[in-house]
């Protein structure tokens, strides 16, 4: 089995036609399904939050069988993720995409869990501390994409679980939890 | 002087006929009895044999296949019914019943990849993977036997031979001669191109494109436009299984 770093690639990754967008509907649906799973899986294990469609992304080509995905195919797979709510375009030109292996709602739940586990129910933290502080080390929140984190925090703010405020001394934003 | 037929003559003739009939019946009965006896001897011998070699039959695929062959020759089908002594003795019906269910499952789960056509070899490999918990090896012969039993369900399971390979079909698609020839051609590399089909089979371009398009529509082929030479390749997962496209498999 071929590997990318420590990531085990599925069998279909070595089967050349999976790199060509299939014209027959049923076959294409299955193809898209497999690619969606692969992209989400890979991003989750490698902690990748953003994919650039025109950039080199390890999954977009396979040197062993000398195949790479056409722009059309990349677009099709990512668009399918977007319509599943597992990705969001970051620009109108559809060149950059945010990959949500956890939906925003799930990220929000992870944050709440994190807050409770660390007894931070009434504490104040900066956004940066959530991403790289001691408490988050080894958790899923370590190194989380800032855009995703802010979206999840805003969702929690709407629910009254916290307040986001501009810090006075730093230019980082502060979070006051009130879980 | 010619004797005229009288009552006596008729009676004699009738008696003779009667005796002949009785004799005939006796002979037939004797034969039937002998046959019955031979059959019961044979049956008990076969039972003894099966009992004695029960272990070999259930553990050794080659032995099992030969046992089936022997049974077939004498007109005994150990799989005909799940009741009766064969099933009780060997549990052989359950064995094939189980394989049958697993085959259906494998065919359904791989259908999106291969369009419902799978090589017997791959089916067998997947079956063994699934059954790795038990030690009994399953041979291709066992698969064929189980599939032949599935036909009773009328679910369209069928084994077709393409070139040297046996393929198991689980969809009602009818493959014509042209399709079979393309599949046979594709076995070497796993794919075929329009050029190749035209050249090797001496077909017109229309005929080749037509047949390939049908296979594509049926989900039995996938196109590949990614090769450097720019020629479209038609890949057939049923003859080049995805799971074995890399030889160094875990």
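The values are calculated or read from the model by the stated rules, or taken from the named source; none is laboratory data. In this text, all values refer to a predicted model and were calculated from it rather than measured experimentally. All Cβ positions, even for glycine, are placed from backbone atoms using ideal geometry, and neighbour counts span all protein chains on display.
So is residue A:36 crowded, with 16+ Cβ neighbours inside 10 Å and under 18 Å from the mean Cα position of the chain (by Cα) or not?
Yes, satisfied.
Which members of the stretch A:77-87 meet the condition of being surrounded by fewer than 17 Cβ atoms within 10 Å (Cβ to Cβ) and touching a helix residue (DSSP H, G or I) at 6+ places or on another chain (Cβ under 8 Å)?
Of everything in the stretch A:77-87, just one residue is surrounded by fewer than 17 Cβ atoms within 10 Å (Cβ to Cβ) and touching a helix residue (DSSP H, G or I) at 6+ places or on another chain (Cβ under 8 Å), namely A:84.
Of all residues being more than 7 Å from chain A (Cβ to nearest Cβ) and either closer than 23 Å to residue B:175 by Cβ or touching a strand residue (DSSP E or B) at 6+ places or on another chain (Cβ under 9 Å) (or both) in the stretch B:241-250, which is modelled with the highest pLDDT? Just the residue, please.
The residue in question is B:241.
Which condition number does residue A:22 fail, the rest of (1) in contact (Cβ under 8 Å) with a residue 12 or more places away in the chain; (2) within 14 Å of another protein chain (Cβ to nearest Cβ) being met?
Residue A:22 satisfies all of (1) in contact (Cβ under 8 Å) with a residue 12 or more places away in the chain; (2) within 14 Å of another protein chain (Cβ to nearest Cβ) except (1).
Got a number for residues in the stretch B:174-212 being exposed (fewer than 15 other Cβ atoms within 10 Å of the Cβ) and within 12 Å of chain A (Cβ to nearest Cβ)?
1
Criterion first (loosely packed, with under 14 Cβ neighbours inside 10 Å and either within 15 Å of the chain's Cα centre (by Cα) or in a helix (DSSP H, G or I) (or both)) does residue B:129 satisfy it?
yes
Of everything in the stretch B:213-240, what is within 9 Å of chain A (Cβ to nearest Cβ) and part of a loop (DSSP other than H, G, I, E, B)? Give them in sequence order.
B:218, B:219, B:221, B:225, B:226, B:227, B:228, B:232, B:237, B:240
Is it the case that the stretch B:76-94 has a residue that's part of a helix (DSSP H, G or I) and modelled with pLDDT of 75 or more?
At the first step, the residues of the stretch B:76-94 found to be part of a helix (DSSP H, G or I) are B:84-90, B:92-94.
Next, only the ones that are modelled with pLDDT of 75 or more stay: none.
No, because not a single residue in the stretch B:76-94 is part of a helix (DSSP H, G or I) and modelled with pLDDT of 75 or more.
Only one of (1) in contact (Cβ under 8 Å) with a residue 24 or more places away in the chain; (2) within 21 Å of residue A:44 (Cα to Cα); (3) loosely packed, with under 15 Cβ neighbours inside 10 Å; (4) not assigned by TED's automatic domain parsing to the domain that holds residue A:37 is not met by residue A:121, so which one is it?
(2) is the only condition that residue A:121 fails.
Being without any contact (Cβ under 8 Å) to a residue 24 or more places away in the chain, over 22 Å from residue B:223 (Cβ atoms) and not assigned by TED's automatic domain parsing to the domain that holds residue A:151 narrows it down to one of A:30, A:8, so name that one.
Answer to the check: A:8.
Looking only at the stretch B:107-123, filter to residues that are assigned to a helix (DSSP H, G or I) and crowded, with 22+ Cβ neighbours inside 10 Å; which one of those is nearest to the other protein chains (Cβ to nearest Cβ)? First the steps, then the outcome.
Pass one, the stretch B:107-123, residues assigned to a helix (DSSP H, G or I): B:107-114, B:120-123.
Now restrict to residues that are crowded, with 22+ Cβ neighbours inside 10 Å: B:107, B:110, B:113-114, B:122-123.
Values: B:107: 15, B:110: 11, B:113: 7, B:114: 10, B:122: 12, B:123: 16 Å.
Residue satisfying both the conditions and the ranking: B:113.
Looking at this structure, is residue B:171 assigned to a loop (DSSP other than H, G, I, E, B), within 14 Å of chain A (Cβ to nearest Cβ) and in contact (Cβ under 8 Å) with a residue 24 or more places away in the chain?
It is true that residue B:171 is assigned to a loop (DSSP other than H, G, I, E, B), within 14 Å of chain A (Cβ to nearest Cβ) and in contact (Cβ under 8 Å) with a residue 24 or more places away in the chain.
Hey, can you tell me all the residues within the stretch A:58-75 that are closer than 19 Å to residue A:96 by Cβ and buried (at least 18 other Cβ atoms within 10 Å of the Cβ)?
A:59, A:60, A:69, A:73, A:74
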